[in-house]
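I have placed the structure first, in the form of structure tokens, so that the comments after it can refer back to it.
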Amino acid sequence: MIAAKDGVIKEILVISGEKRVEVGDTVRAGEVLISGLIMSQLPEPELGQTGVSPSPEVQARLVRARGIVRARVWYEKVQEFSCRQVRELPTGQKMTAVLLHTPDRSFILKGPSRPPYKNYQQERQIFALPSWRNFTFPVELELVTYTEIQLWQQQLGYEEAVKIAANQALLELKARLPAGVSISGQKITPLSEPGAETARVRVWLEVEEDIDKVVPLNGTG
């Protein structure tokens, strides 16, 4: 069994095999936690004619490593949030243009030839004409819908932007956590200077989770 990710060992329970780490050890992803290779000494042989006991022999046997290894693991996220917020609010005004496209030219059948609003959102839909008697018409109809929007601006304070950035980072980190883990701590560190136009923070979450990963028997884990 190897470590699926970096962490500090919190608890280790060996069901079969031999542990290769202890509580408190820092491990890296891929490091062997519980080995399936068990080394045991054979009984010491009797004294020889010289009166010197030969070196005891070591016997190796392979088992499937099984157990539970829990560790403290850290998740990290850097998040930014601008103090100047701009939102797009629809005014309710819309206009639609209908265009006919051929291989050579395009024709406006209905509606404006250019965007009718200063601030707008645009949506395009293209439709091919149905074939007739196995003949496909090389033309397309396009609907272009212009929706007028109003730009709404808000200037946030730096501290408020830091809080929003931190909350966004926490939400993303928690969404990445495996099911069933327990959060044991968190840390938020601002990376930008007070008064900056964009707040930038680094957020850490400390959790306790199982990091053991079973690998095929190969003599090392």
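The values are calculated or read from the model by the stated rules, or taken from the named source; none is laboratory data. From a predicted model like this one, the values you see are computed outputs, not experimental measurements. All Cβ positions, glycine included, derive from the backbone under ideal geometry; neighbour counts span all protein chains shown.
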Out of all the residues in the stretch 148-167, is one or more small (G, A, S), out of contact with any strand residue (DSSP E or B) (no Cβ under 9 Å at 6 or more places or on another chain) and within 30 Å of R84 (Cβ to Cβ)? yes
Out of (1) over 29 Å from W204 (Cα atoms); (2) touching a Cys at 6+ places or on another chain (Cβ under 6 Å), the odd one out for I149 is which? (2)
Is it true that some residue in the stretch 46-60 is farther than 30 Å from S184 by Cα, surrounded by 13 or more Cβ atoms within 10 Å (Cβ to Cβ) and at pLDDT below 90? no
